[in-house]
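For reference, the structure discussed in these notes is given below.
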Amino acid sequence: MSDALSEHDKGLHLRGVKAGYGETVVIEGIDFDLKPGATLAVLGRNGVGKTTLLATIMGHTARHGGHIHFDGADISTYPIYRRSAIGLALVPQEREIFRSLTVEENLIVAARPGRWTLARVYEFFPSLASRRRNRGDQLSGGEQQMLAIGRALMGNPTCLLMDEPMEGLAPVIVDAVLAGLDRLKREDDLAMILVEQHARLALEFAQDCIALDRGRIVHRGPSRALLDAPHLLADLVGVGGGDRKA
Amino acid sequence: MSATGLQTIALCKNFGALKVSNNIDFRLQAGARHALIGPNGAGKTTFVNLVTGVLRPSSGQLLLDGDDITALPQAQRVKRGLVRTFQITALFRKLCVLENVVLAISERDGIGGDFLRPAGWHRAAIEEAYDILEVMGLAEDALRPITELAYGRQRMVEIALALALKPSVLLLDEPAAGVPESESVTIIEAIERLPERIAVLFIEHDMELVFRVAQRITVLVQGAVLVEGTPAEIAADPRVREVYLGEGRH
Amino acid sequence: MVSGKLLFALASVATLGSVTTASAQTIKIGWVNSYSGFLAQAGDQMEKGLNLYVKLHSKDLPPGVKVEFVRRDDTGAPEVGKRVAQELITRERVQMLMGVVASPVAAAIAPLTAEAKIPFVITNAGGVAIPRISPYVTRFSFTLWQTALPIGTWSVKQGWKRGFSAVADFIPGHDAEGAFIKGFTDAGGQMLGSVRFPPASADYAPFMQRIKDAKPDVAFVWVPAGPAATAIMKAIKDLGLREAGINIVSAHDLLPDEELPNIGAFGADIVTAGNYSTTGVRPANTAFLKAWDEEYKGKAIPNFTSVAAWDAAHAIFELIKTTKGKFTGDEAMKFFAAWKDPNSPRGPISIDPATRDMIQDIYIRRSEMKNGKLVNTDIETIKAVKDPWKELNPPK
Amino acid sequence: MADIFSSIISVGFHGLALAMVLYLISVGLSVTMGLMGFINLAHGAFAMLGGYLMTWLMSRYDVPFGLALAGAVIGVVLISVILERLLYRRFYGGDELDQVLMTMGLIFITIASVTYIWGPVTQPMRPPAALSGQIDLGFRSFPTYRTFLIVCGAILVTLLWLALERTRFGAQVRAAVDNLRMAQTIGINTSRLFAATFALGSGLAALGGGLGAEILPITTFYALENLVYFLIVVAVGGLGSIRGPFVAALLVGISDTAFKYIAPEFGAFFIYALTMVLLLWFPRGLFGRT
Amino acid sequence: MSHLTPSADRRAADIAAFSRRHRFHWFEALPWLIAVAAYFMFPNYLALGSQILAIILFALSVDLVLGYAGIVTLGHAAFFGVGAYTAGILAANGWGEPISGLLAAAVAAACIGLASGWIILRTTGLTLLMQTLVVAAMLYELANKAYRFTGGADGLQGMSVWPIFGTFRFDMFGNTAYFYCLVVLFFGWLVVRNTVNSSFGRSLTGIRENVGRMHAIGAPVAQRRLVVYALSAALAGIAGALTAQTAQFVGLNVLNLERSGTILVMLIIGGIGRLYGAFIGVPLYMIAQDRFAEADPTYWYFWIGLAMVFIVVFLRGGIFGVVERLLARSRKQ
């Protein structure tokens, strides 16, 4: 089946996706494609629907319209656990570590056979290895973040969704996490979507970017281009009244 | 009456070792239009909960019109004119729009505990509620249950409910959250039409709304006030840019 | 006065009506039993006794006369029993009420019969004061004073001077406790203490442990026949009460015949006082057991409740035969007051006209293993025992 | 003094035996309530069925004690899986009143069914000869079966802890109790996990019902009469917890026995009073989540 | 303004419709007409009939706390039982006047409601459910222990209830009892109806729908819940007293878990929070139970249980919910 997939079908494709919570619609008319191994930054201020977008791909929200395809399959109606099984993984904003499980159990419980093993995750995040017997609720913010990423990797995904992984971390830790992500990008053929409020961090990391406002995509293009246009960037994600209704 | 509507002095809230609100000194002038902004997790909602009495502060003081209300329960603060709306619509969903507002007026006028007379006999409250619906442009839906309303209309009922309590200080928690663009204009207009005597503090991510309505802006970061100023000052402040754009990595 | 006359006239019309249809006459009897609830097992015993008699003897009824039993479940709860009895009287227009396992249920029903003026024939409930509630109550079973008082007296005679009692906390339990203490202390024994536990209790070990820790010579233990009895026997065994030198005595409810196989060897060597045991050697009993085994194919064992139902059915059938099925409540009560049956499976029985309770022989039995089976063996017979409580407490 | 000491030992011993039975039966209820938010009032019916099946196998077909117990557990697990698929799963996350109505209905159906099949008679539990009588532990003798029950219970509790603390399945269950949506997000098929947990909980209840037939006699109204005790253990222990119900069962078992020993006329009054105070103090139970 | 402003006519019509909602509808007369008709049609079933009427009042009291104030209780038998024992003990000890007995029962039950509510209403969810259950269970054990007053497990024997107004004697056929229960139920219903339609009642609905918002509009939520709990307790107490007086007997089961559970079941079958669920669910359940019990005294539980599972699977929201959905559908077409 997967052999027959054309290059075009592989990866993640959203078409006209409209979704929200209950009857509320938060995002609307979302289209984009993410090729295997590609990286995408999602920008936008608070409350514009970035988290909802990731949640929708993972199946957490109520879908009101549109379709999501992943590696050739229409996964729009898949239950959450099946989306995980076919290669999607989410690092949620609140980390959502299983607090009554130890670090090691948090990893094992998500394990699926593949290149990512317990040993490799520990090698990747050495500080987790030293705390493997600690319970999820006994970790610092940075460790929790690494654990959330490690847990996602244990499922051996082909597409990793990350929701503000630097949020609330001390600068030193931000650097450590970023270093890890960079290494992931270099060493692993993993497609990644990074939602980030610190726009420059995200743009430096990802090849392409989209920006959301009020649930719609208001900008898309290569990250480089946006980094080179600080006024446009400030307009998209910064603070200011602006008459950007044009 | 002091010119200050609402004031917090060194307000702190800790959850265990976690400081969610850190020494917040804040003033909301009577009749002001004041916005509170900040990235996710900055402690905005905690601040609202502290001010309205859902949470008790770990330390610090809260003044309303110069009186200390730190120890007052939620209901008492409402009686003194400190009223809020909710980020996630919190209405009486199975009841009709009119009844939602009548409930609020009944509580304000202290007839909510009357179990002898039918609610329909309190004609003045119903008339007043209908007045508010007319002002908010909700009258045509007066007898429809909330569940049948579009989300944008529900957000309007949120504000109508708060207005019914005749607030002197009104906290709007993301009044336009989750509303499609087509409907948000109505909400912004409704906020602009709010009576001038009411001091309005709104927590909002929608910068268009913030800069269109607010006279002053306070930026909250990691539980503490980063900066306060006019919209122009805030837009030009490098620290704010740093917070929002992630410039100048450490 | 006028209305009274009118009623009388209406009543005579009604009677006339019944005379004209006498050729195909049906006598309706309301049968109140515990089909569910904590006394369902005793109810089952009672049901089997009645059914067996009715099956064997319906043919003996006068031609054209039929007996219809309208059955209702009291669930062991007095209020339910009272309601179904009321419905039987008002809705089904029964001529007689019969049955009832639980004393509280019988006590709740009894006042109705005084108002309706219909006989109430009790086949189990042993609460001692129940016949005093209504003149229309008569009882074919026993009172706990008939069984518990003699065992108290007998215990002291064995040289057991220090006693303890443990009973279920409801009417019959209180009767049993009072009777045993009366018999025991009158004969010179000394009570070390007593406990009452909830009638529907689940686990008896803590109560039995308390007896064990008190170290009496003899413990009187009473619970209603059925599951509670087996459970309590098990607790006695598990805690090693007898190994600790404590003798166990009781009324027959503790070791009903049908529970003996369930109890098994560890129920041996307990002394109980009762009005019937299957091992009793009497021609009437042999015939009864034979009929029983044929009907229930060895799957069931009769006990004193079955026999009481059997005896009561016998008396009622004789009443119908004698009156050809036409009797008023008062006539029926007069008939029962003079009832004597020298050949009941339990021995000679009669109704005491003064108290409307049974006069019957009480057997002191010891449980023992015979041919691998636990049985109650009569070791002493006390002839023609009247209810001692009614003699000690004459009506005011 | 010796008397008091002896009484304390008596109460502790019988309380421990009762606690084991209560725990085995209630732990499944606690986990399913914590995991699926389902108020399963009919949980006791599985324990009752376990008791019925075991005593029936033993008395009708002379199956040995251990085998009969295993057969009963397997039977109950099968029944529970069918019920879960047919009925329970429709109501996960639904209105709690619907859950109350349905499970009360199930209790009624079970009461009538067991009366129909096995009659209104309490089922006799006859442990094998080796487990009858008294066992001398040196300083004093104890009823053998109850000693066996306590040992058995302790082993089962340990096994259960190991299963939940040391296996991947256990980690999945705990993960799902912690955070249902995140558990799905990492690929746990929670629907299947629910069914498995439900079956495990029912099986444990059957085990408790069978082993504990001596302490909680197998009668038709078992599921209703003991319901309050099971609910107390769950509520006091804290929903979704494994440890909580154990501590609660110990508390209820021992104090209930003590109160019965000291003041039997009051029945379960003090247990209820204790429950009330504990729940006011710890509204989420001793080990509940905040 | 972008919105259409409805005309003054529309305003007047809306306000009139809204403020007239508490007025009586013709269908509200139905239960009473049926109850009177039943008296003439089923003269042999009056004992059952009066029990049904008393239990409807009990169900109404539960509907008030559960359906309107959103307090899930598995222990309302506590108040039913306190009422029954109050009236019963009075009648067994020389004061058999029925109406003052009812009032005494109401007062006693309301006091217990206030006292227990003050303690337990601060909890929520399963904990509250357990607390209500435990309160009832404690009263059960106390009633059992207070043998001298209550008769314990034997039930309270020897009640003697005087004729109503010294004229109408409680007869064995239940004629008096039936009308007595009917009249008391009618007044009880008026009280409940008036309460739920009052501002207080509407604020209860608000509490059920959204507690957080009620706090935010300044309502004294805890106080409202306590008041309605006590009021409901008083009504449940009257229902218990009615049962005691008409049956002239009180047993421990007025306080047991099965009673708390089945009243909930009856109400859910009828439909909660609708004021009339009690009038449908209670007769349905009790008549079914009576019929099943007669046809099959041993196994009636089976059919009742099956009906309950059937209702919850196929008739969500109870009978009243189904009727409402059907009405809504026919209106749309």
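Computed from the coordinates by the stated procedures, all read-outs in this text should not be read as laboratory data. Values in this document were obtained by computation on a predicted structure and should not be read as measured data. We place every Cβ from the backbone using ideal geometry, glycine too, and count neighbours over all the protein chains shown.
General remarks:
- Its Kirkwood hydrodynamic radius, worked out from the mean inverse distance over all distinct Cα pairs, puts region D:141-197 at 13.1 Å.
- Within chain E, the whole DSSP H helices whose Cα atoms reach 24 Å or more along their own axis and whose mean Kyte-Doolittle score is at least 0.0 are E:46-63, E:98-120, E:125-145, E:175-197, E:221-247, E:277-295.
- Region D:15-221 - convex hull of the alpha-carbon atoms, volume per residue in Å³: 125
- Put in order of Cβ neighbour count within 10 Å, fewest first, the listed residues E:Cys111, A:Cys209, A:Cys159 become E:Cys111, A:Cys159, A:Cys209.
- 0 to 90° range, to nearest 10: angle between helix C:283-296 axis and chain C longest Cα axis: 80
- Shape of region C:15-125, Cα gyration tensor, a/c cut at 1.5: oblate
- When each of the peptides A:141-149, C:141-149 is scored by the mean number of other C-beta atoms lying within 10 Å of its residues, the order from highest to lowest reads C:141-149, A:141-149.
- Gyration tensor verdict on region B:73-165 (Cα atoms; rounded if a/c is under 1.5, prolate if a/b is larger than b/c, oblate otherwise): oblate
- Kirkwood-Stokes translational diffusion coefficient of region D:202-248, alpha-carbon pairs, 4 °C, 1.567 mPa s, µm²/s: 113
- Geometric descriptor of region E:193-254, per residue, is 97 Å³ (volume of the convex hull of the Cα atoms).
- Centre separation in Å (Cα based) which lies between region B:3-79 and region E:34-61: 58
- Pairwise Cα distances in region E:29-332 exceed 23 Å for 56 percent of all pairs.
- log₁₀ of I(q)/I(0) at q = 0.22, 0.23 Å⁻¹ - region D:180-290, Debye sum with one point per alpha carbon: -1.30, -1.35
- One quarter of the surface of the convex hull around the alpha-carbon atoms of region C:43-194 equals 10.9 nm², the direction-averaged projected area.
- CD proxy at 222 nm, helix term only [per DSSP H run n ≥ 4: -39500 (n - 2.57); per residue of chain B; nearest 500]: -10000 deg cm²/dmol
- Formal net charge of residues neighbouring D:Phe270 (Cβ-Cβ distance under 9 Å; K, R +1; D, E -1): -2
- Counting neighbouring beta carbons within 10 Å and listing from fewest to most, the residues C:Ser36, A:Ser100, C:Ser306 come out as A:Ser100, C:Ser36, C:Ser306.
- Size descriptor for region D:96-137, Kirkwood hydrodynamic radius: 13.6 Å (Cα pairs only, one decimal).
- Compactness of region B:1-44 - radius of gyration and Dmax, Cα, Å: 12.7, 39
- The Rg/Rh ratio for chain C, using Cα coordinates for both the radius of gyration and the Kirkwood hydrodynamic radius, is 1.00.
- Charge dipole of region B:173-229 (Cα centre as origin; +1 on each Lys and Arg Cβ, -1 on each Asp and Glu Cβ, all else neutral): 260 debye, rounded to the nearest 20.
- In terms of surrounding Cβ atoms within a 10 Å radius of their Cβ, D:Phe194, B:Phe47, E:Phe27, E:Phe42 rank from fewest to most as E:Phe27, E:Phe42, D:Phe194, B:Phe47.
- In the protein assembly as shown, Rg over Rh equals 1.04, where Rg is the alpha-carbon radius of gyration and Rh the Kirkwood radius from pairwise Cα distances.
- In straight-distance terms, cross-link reach from A:Lys18 covers every one of the aspartates and glutamates whose alpha-carbon lies under 12 Å from its own, apart from those fewer than eight places away in the same chain; here that gives A:Glu28, A:Asp31.
- The loop-placed trypsin sites (Lys or Arg not before Pro) in region D:143-220, going by DSSP, include none that has at most 13 neighbouring Cβ atoms within 10 Å of its Cβ.
- The C-alpha radius of gyration of chain A, expressed as a fraction of 2.2 N^0.38 Å, stands at 1.00.
- Relative contact order of region D:1-113, taken over Cα pairs closer than 8 Å and 6 or more residues apart, is 30 percent.
- Cα gyration tensor category, rounded, prolate or oblate, for chain B with a/c compared to 1.5: prolate
- Pairwise centroid distance, computed over Cα atoms, of region E:85-154 with region E:170-233, Å: 18
- Per residue, the convex hull around the alpha carbon atoms of region C:226-329 comes to 133 Å³.
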